[in-house]
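One structure below.
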4 protein chains.
Amino acid sequence: MMALSLSTAQTIVAAALAHARKANFNPLSIVVLDARSAVVAAASEDGTSLRRFEVAQGKAAGALAFGIGSRKLGEMAVERPHFLAGAAHVVGALVPVAGGVLVKDKDGAVIGAVGVSGDVSDNDEAAATAGIEAAGLTAEG
Amino acid sequence: MMALSLSTAQTIVAAALAHARKANFNPLSIVVLDARSAVVAAASEDGTSLRRFEVAQGKAAGALAFGIGSRKLGEMAVERPHFLAGAAHVVGALVPVAGGVLVKDKDGAVIGAVGVSGDVSDNDEAAATAGIEAAGLTAEG
Amino acid sequence: MMALSLSTAQTIVAAALAHARKANFNPLSIVVLDARSAVVAAASEDGTSLRRFEVAQGKAAGALAFGIGSRKLGEMAVERPHFLAGAAHVVGALVPVAGGVLVKDKDGAVIGAVGVSGDVSDNDEAAATAGIEAAGLTAEG
Amino acid sequence: MMALSLSTAQTIVAAALAHARKANFNPLSIVVLDARSAVVAAASEDGTSLRRFEVAQGKAAGALAFGIGSRKLGEMAVERPHFLAGAAHVVGALVPVAGGVLVKDKDGAVIGAVGVSGDVSDNDEAAATAGIEAAGLTAEG
C-alpha cells in the first residue's frame, strides 16, 4: 500500500476547492485522511459554519471505518437504521451521507478518504471526487 | 463581522422574556450564544424543568453548527434521520426542533444564535425572534 | 429551602459585574446555578476567552456537587489529588479553584452556587461573594 | 475583529512548514483554528505519528479556551495541576505544553490560534510563531 503523502493531500484539497469555485458551490470544508484515519490536510473556506470540519471529517472517517463510501453508508442507514446507530456508538465519528469518498491506489488498496461538507451531498461528493482524480488516484463514493 | 456584546445579549433575553410573559407562555430558558457558540447571556424562569437550559443551548448550538435555524434542522431530521443522528455524534450538542434562531447583522453575517425551550416549539421560536428583533438584528429560524 | 429565583439570580449577576468593573478586573463570566445545578442566569463580558463560561460553571457545579466552596475543593485537590481526580470522573464538570461560591439562605440551606472565571481566582471569588451578598444571601467560598 | 481567512491560514501553514524543514525538525502536524476554534487549515507531514493532529489541535484549542498561549497553560499545570485537570474536564481538548500560539490582529484581538506538534515543544512553538509572523500577524506563545 502506498502512503497518502502531504503533497498528494494538498493536491486533492486544491483541486476539490477549484472544482467547488468553478461550480459555484457553497463554502466547503475539505478533509483528507490517510488509511489510519489521521488528518493529512484540511481547508475550510471563508463563510463555512461552525462545525463543517467535523461533519466532513465524520463522512471520511465513516468511509474508512467500513471500507465503503459514505453514500453507501447512507443507503445502509435507510435500510437498517439500527445497524448504523449501533455502529456509530462503537465507531464514534460517522456521518452516513454522500461526501465521504475512499481514495484507492492503482492496485485498489484503500490509502485514505476525503470528506467534504457545505453544499448538498451530491455536490460535496463531486468536489471530493474531482480532488482525488486530479491527484491521479481512484475515487469510490 | 460585528461581535455580539453582553449588552446586546441582555437586550435579547429581556425582550424574549417580555414576549413570553405577555403571551402567557410556559416558563422558558433563554440562551444567547455568540458566533463562537460561547454563552453570552442566559436566563431560566422560575418553574423551568431540570434541563431546559441544556435543551435551549442545544437548539442554538445546532443552528450555529450548520448555519441554519433549528427548525430547518428538524425538517432535515424528519427527511434524513441518519444524517442528523450522525451529525449529532460528531457535533455534540444539537437539538433539531424549532426554537434555535440565528442572529445576523445588517450585512447578513451570522454573529450568534438564540435558543429557547419551555413551551411548544413554535412559541419558543417566537420568543427568540422577538428578542432578536428588539435588539435591531435579523432573526433566521 | 427557598428557591433561587431568576430575579435573585439577575441581581447576583448585576452586582458581581458591578464589583468587577469598579475593581477593574479582567472580563468575567458569571454563572448562577440553583440547588439542582441548573443554570438560572449567566453573563460573559465582552472580551472573555472561548471557554470562560464552562470554567465558571465548573467551579459552581463542583461546589454544589460536594456542598463546599470550590476554594476548599482546591485545598482538597492539593492534599489528596487522587480523590479529586476520581471525583471529577464520576461527577463530571468540576473546577477545584476559588471562584465557585455556595449560596445559602437565612436558615443555612444551600439554594445554589455562583461560579466566576476570568481574573485571578481570589478576584473571581470576590466578585461572586459581592453578588451573593447584594442579594441579601450568605456566601460560602 | 478581523476574520482569519483560509488564504491567511494557508500562508501560516506553508511558512511554519518551511521553517521546520529549514531547521530540520521532526515531521510536524500544523493546525490553524479561527476564533471559534474551528479548523481553517491543517497539514501533517509524512511520517507523523497517529495522533499528532489531535495533539496540535489540543494545544491551539487550549490557548483559545483561556486566551493565553499553551506555554503559559503548561506553567499553570505545573503550579496548579488540579486546575488544569479540572479545566480539561470541562473544556475538553486541551494540551498544556508549548506549541499552541494565539494569533492576534493589529488591534490585539484574538482571531485564532496555531497548534504544532511533532518535535520538542520549543521547536513546535518556533514553527507556529514563524508561520504567524509570515502572515503579518502577531504571535503570543
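The values are calculated or read from the model by the stated rules, or taken from the named source; none is laboratory data. This structure is a prediction, so every number in the text was calculated from the model and none was measured. Ideal geometry is used to build each Cβ from the backbone, glycine not excepted, and the neighbour counts take in all protein chains shown.
Could you tell me whether any residue of region B:109-123 is modelled with pLDDT under 95, closer than 22 Å to D:Ala61 by Cβ and touching a Lys or Arg at 6+ places or on another chain (Cβ under 8 Å)? Scanning region B:109-123, I find no residue that is modelled with pLDDT under 95, closer than 22 Å to D:Ala61 by Cβ and touching a Lys or Arg at 6+ places or on another chain (Cβ under 8 Å), so the answer is no.
Matching residues to (1) in a helix (DSSP H, G or I); (2) at pLDDT 95 or above; (3) among the β-branched types (Val, Ile, Thr):
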{"residue": "C:Ile30", "(1), (2), (3)": "no, yes, yes"}
{"residue": "C:Leu33", "(1), (2), (3)": "no, yes, no"}
{"residue": "C:Thr48", "(1), (2), (3)": "no, yes, yes"}
{"residue": "C:Lys59", "(1), (2), (3)": "yes, yes, no"}
{"residue": "C:Ala88", "(1), (2), (3)": "yes, no, no"}
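Looking at C:Arg21, C:Arg52, C:Arg36, just one residue is under 28 Å from D:Ile111 (Cα atoms), away from chain D (no Cβ under 14 Å) and over 11 Å from the mean Cα position of the chain (by Cα), and that residue is C:Arg21. Return yes when C:Ala98 is under 11 Å from the mean Cα position of the chain (by Cα), assigned to a loop (DSSP other than H, G, I, E, B), more than 9 Å from every other protein chain (Cβ to nearest Cβ) and touching a residue at least 40 places away in the same chain (Cβ under 8 Å) and no when it is not. The answer is yes for C:Ala98. Only a single criterion out of (1) at the interface with another protein chain (Cβ under 8 Å from one of its Cβ atoms); (2) more than 16 Å from the chain's Cα centre (by Cα) is not satisfied by D:Ala43, namely (2). Restricting D:Val90, D:Val116, D:Val110 to those that are over 23 Å from C:Ala88 (Cα atoms) and surrounded by 23 or more Cβ atoms within 10 Å (Cβ to Cβ) reduces the list to D:Val116. Looking for something part of a strand (DSSP E or B) and more than 16 Å from D:Ala93 (Cα to Cα) - is there at least one such residue anywhere in region D:12-21? No, region D:12-21 contains no residue that is part of a strand (DSSP E or B) and more than 16 Å from D:Ala93 (Cα to Cα). Is it the case that some residue within region C:116-124 is part of a loop (DSSP other than H, G, I, E, B) and farther than 19 Å from C:Val39 by Cβ? Looking for residues that are part of a loop (DSSP other than H, G, I, E, B) and farther than 19 Å from C:Val39 by Cβ, one finds at least one in region C:116-124, hence yes.
Could we say that C:Ser7 is surrounded by fewer than 24 Cβ atoms within 10 Å (Cβ to Cβ) and touching a Leu at 6+ places or on another chain (Cβ under 6 Å) here? No. Taken together, the residues in region C:57-95 that are of a type outside the set (Gly, Ala, Ser), in contact with a helix residue (DSSP H, G or I) (Cβ under 7 Å, 6 or more places away or on another chain) and touching a residue at least 60 places away in the same chain (Cβ under 8 Å) amount to 2.
Yes or no, residue by residue, for (1) under 30 Å from D:Gly69 (Cβ atoms); (2) among the small types (Gly, Ala, Ser):
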| position | (1), (2) |
| --- | --- |
| C:Ala16 | yes, yes |
| C:Ile30 | yes, no |
| C:Ala35 | no, yes |
| C:Arg52 | yes, no |
